[in-house]
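Q: Structure below; questions to follow.
The values are calculated or read from the model by the stated rules, or taken from the named source; none is laboratory data. No experiment lies behind these values; they were computed from the predicted model shown. FYI the Cβ positions are ideal-geometry reconstructions off the backbone, even for glycines, and counts take in every protein chain you see. For the accessible areas, the whole protein counts, side chains as well, though only heavy atoms, and no ligand, DNA or RNA atoms are used. Shrake-Rupley method; radii C 1.70, N 1.55, O 1.52, S 1.80 Å.
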Amino acid sequence: LEGTISILEALTDIDMVPLNSGSVAQVYKARLGTDMSGLKKGDEVAVKVLHPKVRDVIWKDVCVLKMACQVLNFSIPSCQYLDPMVHWYEFSSFLISQLNLDREADN
């Protein structure tokens, strides 16, 4: 948010029922309580909120998956041709990118 305004000051009439819910976040409808970023006070906006503790859960999942790939590489040498660590990296990068709501807000 611009300046020192808090989220509670910037939004009014936040709908408590989510419009949509995904694996990492929920989307709510609200109205702006002040002009900001080319939008006017009273404009309807969508507010995306991460589920509680989702960052911790995803980081733990990524770590467990990495260990599983390492064990697979060590236990079954022929698995190295499939390169589980490359797949782990691609999947983990995508999953972690879902936590970056700033990036999504830019779209």
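Q: When the solvent-accessible surface of protein heavy atoms is calculated with a 1.4 angstrom probe, in what order do 58, 7, 96 fall, highest first?
A: Listed by decreasing accessible area, they come as 7, 96, 58.
Q: May I pose another question? Using a 7 Å offset from the Cα along the Cα-to-Cβ direction at both residue 37 and residue 7, what is the distance between the two label points in nm, to one decimal?
A: My value for the distance between the label points is 1.3 nm.
Q: Still on this structure, please answer the following. For the chain, what does -39500 (n - 2.57) per DSSP helix run (n ≥ 4), summed and divided by total residues, give at 222 nm, in deg cm²/dmol to the nearest 500? Spell out each step's value before the answer.
A: Working: 4 runs with 45 residues, N = 107.
Mean residue ellipticity, 222 nm, calculated: -13000 deg cm²/dmol.
Q: Where does helix 84-97 land angle-wise versus the long Cα axis of the chain, in degrees 0 to 90, nearest 10?
A: 10 degrees
Q: Going by alpha carbons, how many degrees (0 to 90, nearest 10) lie between the helix axis of 54-75 and the longest principal axis of the chain?
A: That helix lies at roughly 10 degrees to the long axis.
Q: Using only the alpha-carbon atoms, what does the chain span along each of its principal axes? Please give whole angstrom values in decreasing order.
A: 61, 25, 22
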